[in-house]
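Q: This is the structure, below, for whatever I ask next.
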Amino acid sequence: MERLFKTHNTRKSIEISSIWDFCTIDNNGAKGELIKMVVPSCWESHPNLASYRGKALYSKKISFGGNIRLVFKGVSHTAEIYLDGKLIKYHYNAYTEFDVILNNIDYCEHLLEVKVDNSFHEESSLHFGNDYYSYGGITRPVVVEQLGETYIKQMHFTPSREENVWFANIKVTMVNLSKQVKTLKINIKIGEDNTIHFDEITLAANSENVFEKKHEIWAAEEYSIENPKLYYLNAIAYKNEQPVDDLIDRVGFRVITLDGKDILLNGRKLHLKGFNRHEDYAEFGCTLPLQAMYRDIEILKDLGSNCVRTSHYPNDERFLDLCDEYGILVWEEAHARGLSEDQMHHKNFDKQSADCIHEMIENHYNHPSIFTWGILNECAAHTDYGRSCYEKQYSLMRTLDKSRPLTSASCHFGSDKCLDLLDIVSFNIYPGWYFDESVDEHLKRLQEWIATTDGKDKPLIISEIGAGAVYGFRSTNKAKWTEDFQEEILTEQVTTVLENKDCSGVFIWQFSDCRVDNSSFYARPKSQNNKGIVDTYRRQKLAYRKVKEIFKSFK
Ligand code: ADA
């Protein structure tokens, strides 16, 4: 199941998650032993491939024909899709959805092959040895959809409120795959009592068309952290009164606004208390089964969190569906972590970053839990060239979504050149872990410096703060890497940030321990980033109870 709800009733859609044929491919193109591999999964979950970095081939025979849409929710990290031996799609980046439209293909058994590469090859600008693990495989669901001659490609819902009256701004993209002009009508139900009609729409042959409407919504129930009220958006396209296609999504009536240093959700100031979370779980790697995702939501709620940052890439949409349902606000960010100016000069960096931003925003636009989009975590914001990249990416995001504030987490205290480009200032700081300074002193200096920049009158989020602890390492000497030390540092860090009236909130680094590329990082015991408040199996560390107590004491 690629979402937590059915996205079609009229369109036939089947998830082809199951057992595929699999083999590795070496650098000379020679195939390894043919085995079976679960899709979705990462191949590192297979005992013989736990550290395999390279190419592999997945294959499966499927019978279909006519107009077909193949949807890949995530392939890590470079994919070549072949149908009956012919290359039909190339895609880079593990974390965003992509699709292939097959037009008028024969009805028969076809061979679908997916060549996957998770090596740090020279074409890759965003996946490289890093403080998280680039897993390998078809790591998110694959879906086959049967299309007619026309289909609903996308539907974006933007809520707005004018003098206490809610409006739905709907933008629907229709595609005509045929050589003939088509005339349709579209009805879009919002919840049970509101329907938006596009009565007569004409689609030229082989065309893509966008239609927009703004509609007043009677008695809409607002979306909030405490009451995350969701509405189904159900679009049906009709030809001669017969349904020919449909698309279902879920939305919420909420607006995010900024007022000086405050971030408001439906006019109420937010006090963000949350965590940075990698998609990483013990034996499952990056492919968490739904019950593990749900368990993470339960833990976040138990801790008193109201937000999560998808550090450092777009997440599996089922996790976003859960955040929508349980009122966990999301800072979703495009894929990037810690690129130097030199790495931002990579020949593919601009395009691979833009593609990721496009796919993230276009596919995740409707999630009410997403309150901000982030980019370029700890990249070269302190250099002129780096700034030019931030500028390009911010302006791209503003064309794709005018409804959400934008941010990026910086580590360039004293030298960041980009605080005029963003809406929310965010800094990663580790006083007490990476350097000896009181949290209060460090935060005061940071805020004094920000006050001299273009970020001075903007909201401030401490987007990362934390300390490491090896699970099970306890000692009265509170040495570094003990759970005792982590509890002590986190107590000071989180309390100080939440007490600071000019801070909109904190994202603790990090939710759970995660695997890292051992090629890149010293000081990573067990080849893991051990700053989790739980370990990779979600076993609580000593700091868990303390952070829960602090979070719950701050309303
Ligand atoms: C940085 C980075 C995180 C993680 C963290 C750490 O802030 O953004 O991905 O590497 O440091 O654990 O040091």
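The values are calculated or read from the model by the stated rules, or taken from the named source; none is laboratory data. Quick caveat, the model's predicted, so the values are computed rather than measured. Keep in mind that these areas ignore ligands, DNA and RNA; they rest on the heavy atoms of the full protein, side chains included. Shrake-Rupley method; radii C 1.70, N 1.55, O 1.52, S 1.80 Å.
Q: Any idea of the accessible area per residue across the range 5-87, 1.4 Å probe, to the nearest Å²?
A: On the way: 3790 Å² over 83 residues.
Accessible area per residue, the range 5-87: 46 Å².
Q: State the dimensionless ratio Rg/Rh of the chain (Rg: radius of gyration of Cα atoms; Rh: Kirkwood radius).
A: 0.97
Q: Something else now. Can you give the Rg to Rh ratio of the range 150-251, both from alpha-carbon atoms, with Rh computed by the Kirkwood formula? Kindly include the intermediate steps, with their values, before the conclusion.
A: Values: Rg = 14.7 Å, Rh = 14.4 Å.
Looking at the range 150-251, the ratio lands at 1.02.
Q: Let me ask another. What are the residues whose amide H is under 5 Å from the amide H of GLN154, where those residues sit 5 or more places off or on another chain and H is modelled from the backbone?
A: The answer is THR173.
Q: While we're here: Using only the Cα atoms, work out Rg/Rh for the range 423-555, with Rh taken as the Kirkwood radius, to two decimals. Numbers along the way, then the final one.
A: Working: Rg = 15.3 Å, Rh = 15.5 Å.
Value, to two decimals: 0.99.
Q: Among the listed pairs LYS36/LYS61; LYS73/LYS179; LYS31/LYS55; LYS31/LYS60; LYS301/LYS458; LYS179/LYS351, which have their C-alpha atoms separated by more than 21 angstrom in this model? Mind dumping the intermediate values first?
A: Working: LYS36/LYS61 14 Å; LYS73/LYS179 30 Å; LYS31/LYS55 10 Å; LYS31/LYS60 16 Å; LYS301/LYS458 28 Å; LYS179/LYS351 32 Å.
Those over the limit are LYS73/LYS179; LYS301/LYS458; LYS179/LYS351.
Q: Rounded to whole Å, give me the distance from the Cα center of the range 45-101 to that of the range 391-433.
A: When both Cα centres are located, 33 Å separates them.
Q: Oh, and also: Quick one: with all protein chains in place, what share of the accessible area of the range 416-555 is carbon or sulfur, to the nearest percent (1.4 Å probe)?
A: Numbers: 2780 of 5690 Å².
Roughly 49 percent of what the probe reaches on the range 416-555 is carbon or sulfur.
Q: Using the structure shown, list the pairs from LYS261/LYS552; LYS12/LYS214; LYS480/LYS526; LYS478/LYS501 with a Cα-Cα distance above 26 Å, or answer none. List each step's numbers first, then the result.
A: On the way: LYS261/LYS552 23 Å; LYS12/LYS214 29 Å; LYS480/LYS526 15 Å; LYS478/LYS501 31 Å.
Among LYS261/LYS552; LYS12/LYS214; LYS480/LYS526; LYS478/LYS501, the Cα-Cα distance tops 26 Å for LYS12/LYS214; LYS478/LYS501.
Q: Rounded to the nearest 500 deg cm²/dmol, what is the calculated helix-only ellipticity per residue at 222 nm for the chain, with -39500 (n - 2.57) per DSSP H run of length n ≥ 4? Let's see the in-between values first.
A: Details: 8 runs with 100 residues, N = 555.
That comes out to -5500 deg cm²/dmol.
Q: I'd like the orientation of helix 384-400 relative to the chain: the angle between its Cα long axis and the longest Cα principal axis, in ° from 0 to 90, rounded to 10.
A: The helix 384-400 is inclined about 50 degrees to the chain.
Q: Express the relative contact order of the range 256-553 as a whole percentage, based on alpha carbon pairs under 8 Å and six or more residues apart in sequence.
A: Numbers: 586 pairs, mean separation 56.4, N = 298.
Reported as a whole number, the value is 19 percent.
Q: How much accessible area per residue does the range 410-500 have, in Å², with a 1.4 Å probe?
A: On the way: 3630 Å² over 91 residues.
That works out to 40 Å² per residue.
Q: Roughly speaking, to the nearest percent, how much of the range 67-157's 1.4 Å accessible area is carbon and sulfur? All intermediate terms of the calculation are to be shown ahead of the outcome.
A: Details: 1290 of 2750 Å².
Its accessible area is 47 percent carbon and sulfur atoms.
Q: Based on alpha-carbon centroids, what's the gap between the range 446-501 and the range 332-347 in Å, whole number please?
A: The distance from the Cα centre of the range 446-501 to that of the range 332-347 comes to 25 Å.
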